[in-house]
1. What's the FRET efficiency of Glu55 with Trp362 using the Cβ-Cβ distance as r and R₀ = 45 Å, to the nearest 0.05?
2. Given H placed on each backbone N at 1.01 Å, which residues far from Asp501 in sequence or on other chains put an amide H within less than 5 Å of it?
3. Which residues' amide hydrogens lie under 5 Å from the amide hydrogen of Trp21, considering only partners 5 or more residues apart or on another chain, with H built in the peptide plane?
4. Which ³J(HN,Hα) values in Hz, rounded to whole numbers, follow from the phi angles of segment 267-284 under the Karplus curve 6.51 cos²θ - 1.76 cosθ + 1.60, where θ = phi - 60° and Gly and Pro get x?
5. Calculate the FRET efficiency for Asp314 and Glu256 from the Cβ-Cβ distance with a Förster distance of 35 Å, rounded to the nearest 0.05.
6. For segment 272-540, what does the alpha-carbon gyration tensor say about shape, rounded, prolate or oblate, given a ≥ b ≥ c as the root eigenvalues, a/c under 1.5 as rounded, and a/b over b/c as prolate?
7. Can you tell me how segment 429-475 classifies by the Cα gyration tensor, rounded, prolate or oblate, using a/c under 1.5 as the rounded cut?
8. Roughly to the nearest percent, how much of the accessible area of the chain is carbon and sulfur, given a 1.4 Å probe?
Amino acid sequence: MSRFLEGVGASAGRALGPVRWIDWDIPLVPHRTIRPEEVEDEVERFGQARAHALEYVGHLQAETTRRIGTFEGKVFESQAMMIEDPDVVQGTLRYIRDNYICAERAFEWQVMEMRIRMQEAAHAMLVDRLADLHDVRVRVLSHLLGHSDPSDLVVEGEEPSVLVGAELPPSMAARLDPEHILAVVLSGGSRGAHGVILARALGIPVVLAVGSQLQSIEQDSRLLVDGRTGEIRVNPSPQEVEGFHRAVAQASHRREMLQKLAGRPTETVDGVHTTVQANLDLPHEVQEAVRLGADGVGLFRSEFLVIGRREVPDEEDQYNAYRTVLEAFPGREVTLRTFDIGGDKFPLFLALPPEDNPYLGWRAIRICLDMPDLFVNQLRAAARAAEAGNLRLLIPFVTTVDELKRTRDLLMEVYASLGMVDGGTRIPLGLMVETPAAVETLDLFAPYVDFVSLGTNDLTQYVLAVDRGNAKLSKLYDPLHPALVRMYRRVAEQSARHSIDLSVCGELAGDPIGVAVLLGLGYRKFSVALTGLPEIREIIRHVSTKDLKRLVGQLDRAESGEDIRGPVRSYLADRGALAEQASVGLSEE
Ligand code: PEP
Ligand code: MG
């Protein structure tokens with residue numbers, strides 16, 4: 001019988017296929033003591049296994065760089081660092097030399113100690129890196145025990161399937177073939193984990209944080225997966241399968257049709273022009289944004305350039321990445337968000353104490369202002385790249401006017417150091433409205449900002465007190481909760497009053513009902529994930545802003561998100577705008 005499971009959508013797209021469990025278990029390591037005269041041989045074997053693992057990781061980095069991009073290849077740097085970790089290496093050698101333990105057992109103990117240290121730290125960055133440690137552990141042990149490399153398993157031909165497991169090791173992710181692996185479903189994981197970043201870059205749908213329910217999936221099950229909503233149907237009924245195939249056929253037909261319209265402006269039926277830009281995580285995605293006819297970039301999440309990096313990123317590397325995106329969109333806006341690190345996204349070069357509430361902790365602009373070297377490096381790279389196009393800088397997680405003023409001051413210093421002084425700010429500076437403080441005091445920010453961008457993802461978690469990454473709370477995480485819709489209205493009104501350019505880059509803009517509500521509230525500029533971009537443009541072309549203004553105006557007394565969603569969904573259905581969504585059937589129970 002068909003069953004429903006839910007996790008967190010981490011890479012959009014839908015898939016149907018048989019389950020294939022990730023076989024990435026730690027090999028059984030027998031306890032073996034050695035004689036004193038065997039010590040140097042064991043030391044030698046350990047050295048060879050490390051050398052092999054380093055070479056393998058180097059090969060994966062080169063291969064990933066070729067297949068996906070330079071920055072994606074760099075995720076393997078942290079594995080190289082673990083293989084060379086002095087504590088692990090010296091500790092293993094000590095066990096071999098002082099306790100006469102064989103190399104595999106000595107290494108296994110050291111890695112277990114490291115794992116316990118990382119788990120005890122309970123720090124988002126370190127917990128993310130557990131999958132890297134697991135990867136290194138399995139690789140070195142397999143070599144020492146004479147087993148074949150387990151990541152070969154996923155490239156061996158079998159029928160196309162949905163990969164299911166606890167975590168997705170980066171070395172496995174890097175070798176995934178989207179023709180064979182239709183989707184990935186994980187009991188754990190996070191959006192910032194290396195394996196997940198790589199799967200997303202390869203365009204493979206991912207649902208994570210499914211939790212212990214994953215164990216209830218039998219070996220021979222088939223799964224229907226939606227990587228946008230995080231919904232999973234186990235052993236779907238014939239009707240659900242038929243609905244899926246119909247939706248996929250319609251989606252591909254629609255995509256072809258929309259592709260032909262890529263160059264056309266996005267206007268509503270009452271002739272209101274809108275701007276639909278792209279959200280990018282990594283620079284190489286810009287080519288797809290251009291192909292889909294995006295009106296520039298409304299959110300370039302620069303932190304994905306540094307997650308998992310063990311060194312502060314080079315100004316030159318950043319300059320090249322920013323320039324690549326700007327050059328792909330000559331004359332169009334490219335909105336670079338300064339590092340939004342912290343929360344669940346930490347680079348390795350920051351040595352951080354664990355935090356009880358990372359989402360309320362040392363994050364984004366707070367880190368950047370506390371680490372001027374890191375921030376100035378980014379601002380310099382951005383200011384230099386700005387020569388190549390129409391760059392805007394967006395500041396995340398702002399709660400005080402002072403943060404924005406200090407950012408402006410730093411930017412002025414950067415202009416001066418680059419000999420770009422002419423008295424005025426060259427790059428438009430924007431405020432990400434994603435905290436209740438920014439909503440409430442938008443008028444106070446007005447003199448210091450050139451534009452604002454509404455971040456519905458974080459605003460939702462901070463207003464509703466619901467952790468955005470907690471699958472258990474996903475029903476409560478509702479960006480159309482009346483409290484939020486009222487705030488969106490106020491942000492639109494305040495921006496108009498102060499003549500500030502306004503856009504939305506949170507996921508709500510990529511949701512058909514969400515974008516309709518936002519249009520009704522007066523929003524005209526949206527930035528959405530690439531997978532949803534053609535669809536959103538098409539929805540906009542089916543609606544009238546006058547109708548939506550009236551409709552949303554009538555919903556002012558709505559008591560729940562569903563009270564808002566229902567009438568707007570009906571309006572879109574009446575207008576024929578929801579053809580594909582209605583037939584997917586994954587979210588309609
Ligand atoms: C947001 O918070 O709405 C947003 C777009 O930023 P991110 O999802 O990267 O936190
Ligand atoms: Mg945010």
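The values are calculated or read from the model by the stated rules, or taken from the named source; none is laboratory data. For clarity, every value in this text was computed on a predicted model and none was experimentally measured. Backbone-built Cβ (ideal geometry, glycine too); neighbour counts: all protein chains shown. Protein only, heavy atoms only, side chains kept; ligands, DNA and RNA dropped before computing areas. Shrake-Rupley method; radii C 1.70, N 1.55, O 1.52, S 1.80 Å.
1. Rounded to the nearest 0.05, the efficiency is 0.75.
2. Distant-sequence amide H within range of Asp501: Val452.
3. Those lying under 5 Å, H to H, from Trp21 are Val164.
4. 10, 7, 5, 8, x, 8, 7, 10, 10, 10, 9, 10, 8, 10, 9, 10, x, 5
5. Values: r = 41 Å, r/R0 = 1.18.
Working from the Cβ atoms, E equals 0.25.
6. Details: a/c = 1.37, a/b = 1.19, b/c = 1.15.
Rounded, because the longest to shortest axis ratio a/c is under 1.5.
7. On the way: a/c = 4.97, a/b = 2.59, b/c = 1.92.
Because a/c hits 1.5 or more and a/b exceeds b/c, segment 429-475 counts as prolate.
8. Details: 11880 of 23630 Å².
That share works out to 50 percent.
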